[in-house]
Amino acid sequence: GLHRALAAADADVYFAMSAGAATGQTAWFCRGAGRGFVFGTASDTDVVPEAIRLGWRDKQLYRWGLRNADRIITQHRGQAALLKEHTGLDSVPIGMPTPIPELPGRPESPPLVLWLGNYRAVKNPQAFLELAGVFPQARFVMVGGPVAGERALFDAVRAEAEALPNVSFLGLVDDPAQYLFRATVLLNTSSVEGFPTTFLEAWGHAVPTVSYFDPGGIVHEEEIGLVADTPEELRAALGRVLQDRELRDRLGARARAYVEREHSREVATARFEAELLEAARAQGR
């Protein structure tokens, strides 16, 4: 069925994203049809095939698809280095595009700490609530919805959040950007990510991030947020950003400048287009 759909599309180049059997199936189709194939990673786990949680057959299909892609696009330089280390394959890091809005004035107080994302155990939303108890002077806002199979986590976090006076549990909202315009900092408590679109959205709004995760070392290198290794360090980092207006303004300005340079729609689109064209040329199309 997948091959029939690919044939019906009749494209010059096919693009697949995220590890799975479909990577190998798409690569197989493209080899037989003389079409270009580009693969893009969706998470850091995609670049370490032996660690991917797939069955044996699907893992082999994925590895085969990687080896037979005309071009591979990774989300950041750290992923490119890991892919090379674990597979010997080259890739091109390209930042995902993100809208960059005009910025209104940001409210002075109280500071707003934002959670933005789906409720999954790996994202450790309970840590966000623990920090809300540490910083009662700040407002903590949680935006996002449940995912299949983890509804119980969503309900448990909502119940705990509703018992805290400085936490607003909003669930899914039509326009998350309205909270980014008002946020002081985006707090991410997940230990495993790819390149979170929430980071890009925050940085585009000149909002720094505080997190355990640093995609490819960009946060540290570009000085656009604070990164922690332990819960104690995360608490200290959040405290610094909340207490030091000059620090968060500097981090936020650098974050927005980074997004304008690397993740504007014009820049990212041109880079993606170049890789698609190279894949087409590799198959003589």
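Selection of the stretch 59-87 for residues being among the small types (Gly, Ala, Ser) and under 17 Å from the mean Cα position of the chain (by Cα) yields Gly78, Ala80. Please go through the stretch 245-258 and pick out each residue that is of a type in the set (A, V, I, L, M, F, W, C) and open to solvent by 30 Å² or more (accessible area, probe 1.4 Å). Selection gives Ala253, Ala257. Number of residues in the stretch 161-189 that are over 23 Å from Glu233 (Cβ atoms), open to solvent by 10 Å² or more (accessible area, probe 1.4 Å) and not hydrophobic (A, V, I, L, M, F, W, C) equals 9.
Taking the stretch 104-119 as the range and being touching a Gly at 6+ places or on another chain (Cβ under 9 Å) and surrounded by fewer than 20 Cβ atoms within 10 Å (Cβ to Cβ) as the test, the residues that pass are Arg106, Asn118. Scanning the stretch 132-164 for residues being farther than 24 Å from Ala177 by Cα and in contact with a Phe, Trp or Tyr (Cβ under 7 Å, 6 or more places away or on another chain) gives a total of 2. In the stretch 241-252, the count of residues that are of a type in the set (A, V, I, L, M, F, W, C) and under 21 Å from the mean Cα position of the chain (by Cα) is one or more. Selection over the stretch 264-279 of residues that are open to solvent by less than 50 Å² (accessible area, probe 1.4 Å) and under 16 Å from Ser91 (Cα atoms) gives a count of 5. Within the stretch 129-143, the set of residues being surrounded by fewer than 17 Cβ atoms within 10 Å (Cβ to Cβ) and either free of Cβ contacts under 8 Å to residues at least 24 places away in the same chain or charged (D, E, K, R) (or both) comprises just one member, Glu130.
Given the structure, is Glu278 assigned to a helix (DSSP H, G or I) and under 30 Å from Leu131 (Cα atoms)? Break it down into steps so the answer makes sense when it comes.
On the way: assigned to a helix (DSSP H, G or I): yes; under 30 Å from Leu131 (Cα atoms): no.
When the stated conditions are applied, Glu278 does not pass them.
Taken over the stretch 194-229, the criterion of being open to solvent by 50 Å² or more (accessible area, probe 1.4 Å) and at negative phi is satisfied by Thr197, Glu201, Tyr212, His220, Glu221, Val227, Asp229. For the stretch 43-92, a tally of residues being in contact with a strand residue (DSSP E or B) (Cβ under 6 Å, 6 or more places away or on another chain) and open to solvent by 70 Å² or more (accessible area, probe 1.4 Å) returns 2. Here Arg261 fits the description: open to solvent by 80 Å² or more (accessible area, probe 1.4 Å) and either within 18 Å of Thr198 (Cβ to Cβ) or modelled with pLDDT under 95 (or both). Taken as a whole, the structure places Gln126 among residues that are open to solvent by less than 70 Å² (accessible area, probe 1.4 Å) and either farther than 30 Å from Arg4 by Cβ or free of Cβ contacts under 8 Å to residues at least 40 places away in the same chain (or both). Please determine whether any residue of the stretch 41-57 is over 19 Å from the mean Cα position of the chain (by Cα) and closer than 24 Å to Arg281 by Cα. Scanning the stretch 41-57 turns up no residue that is over 19 Å from the mean Cα position of the chain (by Cα) and closer than 24 Å to Arg281 by Cα.
The values are calculated or read from the model by the stated rules, or taken from the named source; none is laboratory data. Every value quoted in this text rests on a predicted model; they were computed, and no experiment measured them. Note that we place each Cβ from the backbone using ideal geometry, even for glycine, and neighbour counts take in every protein chain shown. Side chains included, ligands, DNA and RNA excluded: accessible areas come from the protein's heavy atoms. Shrake-Rupley method; radii C 1.70, N 1.55, O 1.52, S 1.80 Å.
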